[in-house]
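Rule-based calculations on the coordinates, nothing more; no lab input. The model shown is predicted, which means the values in this text are computed figures rather than measured ones. Note that we place each Cβ from the backbone using ideal geometry, even for glycine, and neighbour counts take in every protein chain shown.
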Amino acid sequence: EKGGFDHFMLKEIFEQPRSIADSMRGRVQAQEGLLQLGGLRDYLDKLAKSKRIVIIGCGTSWHAGLVAEYIFEELARIPVEVEYASEFRYRNPIIKEGDIVIAISQSGETADTLAAIELAKSKGATIFGVCNVVGSSIARATHAGAFTHAGPEIGVASTKAFTAQVTVLTLMALAAAHRKGTLSESLFRQLLTELESIPAKVEQVLQAADKIKEIAYIFTYARNFIYLGRGLNFPVALEGALKLKEISYIHAEGYPAAEMKHGPIALIDEDMPVVVIATQDSSYEKVVSNIQEVKARKGRVIAIVTEGDSHLPGLVDFTIEIPRVHEILVPLVSVVPLQLLSYYIAVMRGRNVDQPRNLAKSVTVE
Ligand code: M6R
């Protein structure tokens, strides 16, 4: 059942090339410049014309929402707010008719997310779902949506569901932007083509598993971790920290890299591992300065870098290379080494990786 892997989590991490491809299958035909999302057909106009989108979710699904915020705003120029479902539902949120709510949930059974949907619906919003489980309560409660085709996710730590969510949300943003006319035909086609290449690029990252395992070994007994990223890699930093804490029980925090100097930098010393997602995109130079600030205080830096980066290996303690991808799509690839890092650290600490203490796969109570 674990397909030769020691844990479901590892199996699911390695399934990502397929689950990402499955989430695009029948939807993307890059060569023809076609993108079709059946479950959105009657609602695409409404999405494209909306003045405001509110995205709700919990945990990893909330992180996928943060990634989607950048993509929707960048491509479709629609203002997006991302909310924890549990906060949204208890604070008399301002929702008007015409507002779009996108609810993200792997299980489709998260109590807070379901209740937030019912509240938004009662205020006249149109609800889109991004769920992995067909027939789930959340899938049934939404007006429209697009399923992630990640397949069953058994490990409590969400991995392939996250990349499938980001894939589907990217398709939704592309479809809305294309319909709205805020995205040039050439960039639309380029992004579809790049999307089709993502499974192979994720495969390439998976081949670095042994190197990541060696790095994990070195940091097995760290007591704290900091994760930093900017732009689209900021939510990836949050996701990396969540993965580590939930399965290894090591305290970890994710921050936008520039926030360091507003407090967390006080934590940096030679015992503090700092994982920095430092891919070569529009914020690269800024991230490099943030790395220098950490190194000046003797922090130990593990950097996720774009392959061929010749500068960072001389500056940091360890590098993990990932293939070059369009900036909009980078989270799909940059999250993978962080999943593996937390997996190996948790295994080396003897944790119950698939069923961490105090956690359930779906949180059906508030
Ligand atoms: O099923 P959902 O996507 O609604 O679940 C949301 C969270 O409970 C879930 O992502 C949780 O944070 C995971 N254990 C993270 O790995």
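Antiparallel versus total DSSP beta bridges in the chain: what percent is that, nearest 5?
Working: 2 of 39 bridges.
Just about 5 percent of them are antiparallel.
Based on alpha-carbon centroids, what's the gap between region 157-234 and region 26-48 in Å, whole number please?
Comparing the Cα centres of region 157-234 and region 26-48, I get a distance of 21 Å.
Highest GNM mean-square fluctuation, the chain, Cα pairs closer than 10 Å: which of A164, A241, A115?
A115
Beyond a 28 Å Cα-Cα separation, which of these cross-linked pairs lie in this structure: K11/K261; K245/K298; K2/K245; K2/K361; K160/K245; K180/K286? Don't skip to the end; give the middle numbers.
Working: K11/K261 38 Å; K245/K298 23 Å; K2/K245 23 Å; K2/K361 17 Å; K160/K245 18 Å; K180/K286 32 Å.
Long pairs (Cα-Cα over 28 Å): K11/K261; K180/K286.
Got a sec? How would H178, H149 order by Cβ neighbour count within 10 Å, fewest to most? Intermediate results must be reported in sequence, preceding the final value.
Values: H178 23, H149 20.
By the 10 Å Cβ count, ascending, the order reads H149, H178.
Once a ≥ b ≥ c are taken as the square roots of the eigenvalues of the Cα gyration tensor of region 171-213, is the result rounded (a/c under 1.5), prolate (a/b larger than b/c) or oblate (a/b not larger than b/c)?
Working: a/c = 4.83, a/b = 3.33, b/c = 1.45.
Prolate, since a/c reaches 1.5 and a/b exceeds b/c.
Once you list every other residue whose beta carbon is under 10 Å from the beta carbon of D317, what net charge do they have if Lys and Arg are +1 and Asp and Glu are -1?
After counting each charged neighbour, the total is +2.
Mean residue ellipticity at 222 nm from the helices of the chain, using -39,500 (n - 2.57) per DSSP H segment of n ≥ 4 over the full residue count, to the nearest 500 deg cm²/dmol?
Numbers: 13 runs with 157 residues, N = 366.
Value at 222 nm, helices only, nearest 500: -13500 deg cm²/dmol.
Using DSSP to call loops (not H, G, I, E or B), can you name the GluC sites (Glu not before Pro) in region 51-136 whose Cβ has at most 16 other Cβ atoms within 10 angstrom?
Passing sites in region 51-136 are E97.
List the lysines whose alpha-carbon lies under 20 Å from that of K123, not counting same-chain residues fewer than 8 positions away?
K46, K49, K51, K96
So what's the convex hull volume per residue for the Cα atoms of region 67-166, in Å³?
Measuring per residue, one finds 102 Å³ for the Cα hull of region 67-166.
Can you figure out the FRET efficiency of Q207 with N92, using R₀ = 56 Å and their beta-carbon distance, to the nearest 0.05?
Efficiency for this residue pair is about 0.65.
Find the eigenvalues of the gyration tensor of the Cα atoms of region 318-365, then list the square roots of 5 times those eigenvalues as equivalent ellipsoid semi-axes, largest first, in whole angstrom.
Values: eigenvalues 153, 61, 6 Å².
After scaling each eigenvalue by five and taking roots: 28, 17, 5 Å.
Report the net charge of residues surrounding A115, where surrounding means a beta-carbon distance below 15 angstrom and charges are Lys +1, Arg +1, Asp -1, Glu -1. All intermediate terms of the calculation are to be shown ahead of the outcome.
On the way: positive: R89, R91, K121, K123, R140; negative: E83, E87, E109, D112, E118, E366.
Neighbourhood net charge equals -1.
Of the chain, which part is the longest with no chymotrypsin sites (Phe, Trp or Tyr not before Pro) in a loop (DSSP not H, G, I, E, B) and with at most 15 other C-beta atoms within 10 angstrom? Could the numbers behind the result be given before it?
Values: sites that count: F5, Y90, Y221, Y249.
In short, 91-220.
With N set to the residue count of the chain, report its C-alpha Rg divided by 2.2 N^0.38 Å to two decimal places.
So the Cα radius of gyration is 0.95 times the expected 2.2 N^0.38 Å.
Whole percent per 10 Å bin, from 0 to the bin with the longest distance: what is P(r) over all C-alpha pairs of region 244-366?
Reading the bins upward from 0: 12, 38, 34, 15, 2.
I'd like to know which of C131, I198, Y227 lies farthest towards the positive end of the charge dipole of the chain, counting +1 on Cβ of Lys and Arg and -1 on Cβ of Asp and Glu.
C131
Give, rounded to the nearest 20 debye, the magnitude of the charge dipole that the chain has about its Cα centre when Lys and Arg contribute +1 at Cβ and Asp and Glu contribute -1 at Cβ.
The dipole magnitude comes to about 520 debye.
Report, largest value first, the span of the C-alpha coordinates of region 7-141 along each principal axis, in whole Å.
Computed over region 7-141, the largest-to-smallest principal extents equal 41, 39, 27 Å.
Within the set of other residues whose C-beta is less than 13 Å from the C-beta of V363, count the net charge using Lys and Arg as +1 and Asp and Glu as -1.
So the surrounding residues net to -3.
Kindly provide the trypsin sites (Lys or Arg not before Pro) of region 36-125 that DSSP labels as loop, not H, G, I, E or B, and whose Cβ sees at most 15 other Cβ atoms within 10 Å.
K51, R77, R91, K96, K123
Please report, in debye to the nearest 20, how large the charge dipole of region 50-127 is about its Cα centre when each Lys and Arg carries +1 at its beta carbon and each Asp and Glu carries -1 there. Could the numbers behind the result be given before it?
Values: 8 positive and 11 negative charges, 55 e Å.
The dipole magnitude comes to about 260 debye.
Can you tell me which of I56, I277, I218 moves the most in a GNM of the chain? Springs connect C-alpha atoms under 10 Å apart.
Judging by the Gaussian network model, the answer is I218.
Residue separation times 0.36 nm, minus the C-alpha to C-alpha distance between Q31 and D45: what's the value?
Length gained between Q31 and D45: 2.6 nm.
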